[in-house]
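The values are calculated or read from the model by the stated rules, or taken from the named source; none is laboratory data. Since this is a predicted model, take the numbers as computed values, not measurements. FYI the Cβ positions are ideal-geometry reconstructions off the backbone, even for glycines, and counts take in every protein chain you see. SASA here: full protein model, heavy atoms, side chains in, ligands and nucleic acids out. Shrake-Rupley method; radii C 1.70, N 1.55, O 1.52, S 1.80 Å.
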Amino acid sequence: HRQAEMVTRKDCVLEYTGEQLDEADGDLIMALIAFAQPYALGTPVPLNRKELLRKIKPGVIGSTQYTWLYRSMKRLREGTLFLEARKPDGSTRYTVGKMESFNVLKDLDYEGEMYTYILDPRWVVLFGNQEYSLIDWDKRMQIPRGLDMAKTLQRLLATSSDPVQRYGLDGLKAQMDYTGRMRDFRDALSKAVTEMERLEIIAKGCIEDSTKGKPQLVLWLVPTVA
């Protein structure tokens, strides 16, 4: 991608330059943020690569996983984001990356078994108004390979507290950058929903027509215990 405008919420503009990222890269980003929490923002974070992989790659760890981690860390270091969010009245809430670059990783070093990285301090701007989602990490790690769409839906689901959430299939297909046929996309969605039901990430999910006759995905959250 080169300054490509990504599919996102209506109240912000997100551009990205760099290699295509996937849900495995998303797992890595969230893990790096979690490992950096004990450290002051903007300071180097030392991290053993095996410890990191155990967080995001359940199972046997070998050369394949180490190679993936090395390449993914480089992708995150090279990727650049440009983000502008607006208030409902159209005024700017905050701006990141319009005049300077914003990277997931501001700095990255690797030697022996250790990575040392620095998160871009602008993350504090993004989280300043608690504009983040809470993800059930244990359930996320139970989603098997080949069902990354369930992970994508889990992240999407966490952006709203609405007990019932509806998403048009055309918009979801564009957001997930799914280039196959719509009927194949529907089949993949159904498998992802079944997995989310199994893990009790949702109580129920189905594809149905909206009041305007457009196909949509409807997800019901698991009721919270008061």
Subject >> Residue list for region 38-74, restricted to those being in a loop (DSSP other than H, G, I, E, B) and not β-branched (Val, Ile, Thr) >> reply: Pro38, Tyr39, Ala40, Leu41, Gly42, Pro44, Lys57, Pro58, Gly59, Gly62
Original post:
Going through region 52-73 one residue at a time, which ones are under 17 Å from Asp138 (Cβ atoms) and free of Cβ contacts under 8 Å to residues at least 40 places away in the same chain?
Top reply: Leu53, Arg54, Lys55, Lys57, Gly59
**OP:** Starting from region 151-166, take each residue that is in contact (Cβ under 8 Å) with a residue 12 or more places away in the chain and closer than 19 Å to Asp209 by Cα and list its partners that are outside any loop (DSSP other than H, G, I, E, B) and polar (S, T, N, Q), counting only C-beta distances under 9 angstrom and pairs at least six apart or across chains.
**Re:** Arg166/Gln216
Original post:
Could you list, in sequence order, the residues of region 180-226 that are closer than 20 Å to Trp137 by Cβ, open to solvent by less than 30 Å² (accessible area, probe 1.4 Å) and not in a loop (DSSP other than H, G, I, E, B)?
Top reply: Ala192, Glu195, Met196, Ile202, Leu219
**OP:** Please go through region 75-112 and pick out each residue that is acidic (Asp, Glu), modelled with pLDDT of 65 or more and part of a loop (DSSP other than H, G, I, E, B).
**Re:** Asp89
Original post:
For region 151-179, how many residues are more than 19 Å from Leu199 (Cα to Cα) and open to solvent by less than 30 Å² (accessible area, probe 1.4 Å)?
Top reply: 2
Subject >> Condition broken by Leu119, with the remaining ones in (1) among the aliphatic types (A, V, I, L, M); (2) at pLDDT 90 or above; (3) open to solvent by less than 30 Å² (accessible area, probe 1.4 Å) satisfied >> reply: (2)
Original post:
Does Asp148 meet the test of being under 28 Å from Ala34 (Cα atoms) and open to solvent by 50 Å² or more (accessible area, probe 1.4 Å)?
Top reply: yes
Original post:
How many residues does region 137-154 contain that are assigned to a loop (DSSP other than H, G, I, E, B) and out of contact with any helix residue (DSSP H, G or I) (no Cβ under 7 Å at 6 or more places or on another chain)?
Top reply: 3
**OP:** Could you tell me which numbered condition Gly62 fails, if it satisfies all but one of (1) modelled with pLDDT under 90; (2) over 19 Å from the mean Cα position of the chain (by Cα)?
**Re:** (1)
**OP:** Could you list, in sequence order, all residues of region 9-33 that are free of Cβ contacts under 8 Å to residues at least 40 places away in the same chain and either surrounded by 14 or more Cβ atoms within 10 Å (Cβ to Cβ) or in a helix (DSSP H, G or I) (or both)?
**Re:** Ala31
**OP:** Among the residues of region 45-60, count how many are surrounded by fewer than 16 Cβ atoms within 10 Å (Cβ to Cβ) and either in contact with a strand residue (DSSP E or B) (Cβ under 8 Å, 6 or more places away or on another chain) or acidic (Asp, Glu) (or both).
**Re:** 3
